[in-house]
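Single-structure report; data block below.
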Amino acid sequence: MDLGTLEGRGKAYAAAMEEGSVADISRIVNRDHLINDWPDLFWSLALRQVWEDKFPELRR
């Protein structure tokens, strides 16, 4: 996956957030990219809700 593209980051981040450990998430997910990309990621409502509950800065 190419983390230099929105599509690549979206796939990698979703996999890390759904299946990864805290260490995986910390290693893979870039906070600034995630906040910037959040509105354009096509993820399930359930996954979005979990992460928005934990990190309100993702909500706009």
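The values are calculated or read from the model by the stated rules, or taken from the named source; none is laboratory data. Since we're looking at a predicted model, the values are computed, not measured. Note that we place each Cβ from the backbone using ideal geometry, even for glycine, and neighbour counts take in every protein chain shown. We work out accessible area using only protein heavy atoms, side chains counted, and drop any ligands, DNA or RNA first. Shrake-Rupley method; radii C 1.70, N 1.55, O 1.52, S 1.80 Å.
How much of the calculated P(r) for the chain lies past 14 Å, in percent of all Cα pairs?
Details: 929 of 1770 pairs.
Value for the chain: 52 percent of Cα pairs lie more than 14 Å apart.
Probe radius 1.4 Å, ligands and nucleic acids ignored: give me the carbon and sulfur share of the accessible area of the chain as a rounded percent. Before the final figure, lay out the partial values.
Working: 2250 of 4110 Å².
About 55 percent, which is the carbon plus sulfur part of the accessible surface.
Rounding to the nearest 20 debye, state how big the charge dipole of the chain is about its Cα centre with +1 on each Lys and Arg Cβ and -1 on each Asp and Glu Cβ.
Details: 8 positive and 11 negative charges, 25 e Å.
For the chain, the charge dipole is close to 120 debye.
Per residue, how large is the accessible surface of the chain? Use a 1.4 angstrom probe and give square angstrom.
Result: 68 Å² per residue.
List the chymotrypsin sites (Phe, Trp or Tyr not before Pro) within the chain that fall in a DSSP loop (any state other than H, G, I, E or B) and whose Cβ has at most 13 other Cβ atoms within 10 Å.
Counting only loop positions with at most 13 other Cβ atoms within 10 Å, the chymotrypsin sites (Phe, Trp or Tyr not before Pro) in the chain are 42.
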Potential lengthening between residue 11 and residue 37 on full extension [0.36 nm per residue; Cα-Cα distance subtracted]
8.2 nm
